[in-house]
Amino acid sequence: MKKKEYKITVSKFFKHLHLVNRHRFKVFCLCFRAGEPLRGLLHDLSKYGPEEFFEGVKYYEGNYSPIRNCKIENGYSKAWIHHIGRNKHHYEYWYDYNADIPCPIMPYKYFVEMICDSLAAGMIYEGKKWDNEHQMHYWLRAREKAKIHPKMDKLLTKVYTDIAKKGIKPVLKKEYLRDLYRRYTR
């Protein structure tokens, strides 16, 4: 079987740029709804830097993250390593294998941004196939490998379960999320 060839093209440059812009706008809208508009405004600015952007262009396919193709091709992704090292809304940012508490509880604002980011990614990549249960199913698969504080794990599971049952509007409210965060992280 012939190995797939990935390269940077002008077409992929603009398609990837459009994808990043659409994702960031969706995250902004969700963060605004959840009471954290600044987190939405500042979300994923590192994706425009050359370390992340050009790898995204090279491995762009359109219907899922280019990081996946890069990891399949190379076994790792420099863009992903760069991204999680600079973006506190990823639980991987908070993992320190050498610390007394290797997986601390994320601060509230980054927790909200993480939820909005995952919802937006699902919505953008799945398009019309996305539904309220999508992130719950995605999280239930991802959590097996996730290095995250057990309280954060339970909190995320609760949020995604609530979204699956009730929808986004009643769950992505500042009061509702703050109450859940306080209850689950004590």
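The values are calculated or read from the model by the stated rules, or taken from the named source; none is laboratory data. Only a predicted model underlies this, so the values are computations on that prediction, with no experimental measurement involved. Positions of Cβ are generated from backbone atoms using ideal geometry, with glycine treated the same way; all protein chains shown enter the neighbour counts. Side chains included, ligands, DNA and RNA excluded: accessible areas come from the protein's heavy atoms. Shrake-Rupley method; radii C 1.70, N 1.55, O 1.52, S 1.80 Å.
For the pair the range 149-183 and the range 12-64, the centres of their Cα atoms are 23 angstrom apart. Taking label points 7 Å from Cα along the Cα-to-Cβ direction, residue 125 and residue 4 give a separation of 1.3 nm.
Build a GNM of the chain with springs between Cα atoms under 10 Å apart, and of 101, 84, 115 the one that fluctuates most is 101. Here's the list of aspartates and glutamates a cross-link from residue 58 could span, going by alpha-carbon distance under 12 Å and ignoring same-chain residues fewer than 8 apart: 5, 73.
Counting only protein chain heavy atoms and rolling a 1.4 Å probe, the accessible areas of 54, 32 rank, largest first, as 32, 54. Out of these labelled values of Rg and Dmax of the Cα atoms in Å, [x] 16.8, 54; [y] 15.3, 42; [z] 15.7, 47, which was calculated from the coordinates shown here? Checked against the structure: label [x].
Converting phi to 3J(HN,Hα) with the Karplus coefficients 6.51, -1.76 and 1.60 and the offset θ = phi - 60°, the range 89-97 yields 7, 9, 4, 5, 4, 8, 7, 9, 4 Hz in sequence order, with x at every glycine or proline. Could you state the angle between the C-alpha long axis of helix 10-33 and the longest principal axis of the C-alpha atoms of the chain, as a value from 0 to 90 degrees rounded to the nearest 10? The angle comes out near 10 degrees. Computed over protein heavy atoms with a 1.4 Å probe, the carbon and sulfur contribution to the accessible area of the chain reaches 55%.
Solvent exposure of residue 125, expressed as accessible area, is near 60 Å², computed with a probe of 1.4 Å over the protein chains only. Each residue of the range 65-70 is assigned a 3J(HN,Hα), and the resulting list reads 5, x, 4, 4, 4, 5 Hz, derived from the Karplus form 6.51 cos²θ - 1.76 cosθ + 1.60 (θ = phi - 60°), x at Gly and Pro. On the beta carbon distance between residue 71 and residue 161, with R0 = 41 Å, the FRET formula returns roughly 0.90. Residues 29, 116, ordered by accessible area of protein heavy atoms at a 1.4 angstrom probe radius and largest first, appear as 29, 116.
In this structure the range 40-142 gives 53 Å² per residue of accessible area when probed at 1.4 Å with all protein chains present. Here the Gaussian network model covers the chain, with springs between Cα atoms less than 10 Å apart; of 144, 92, 175, 144 fluctuates the most.
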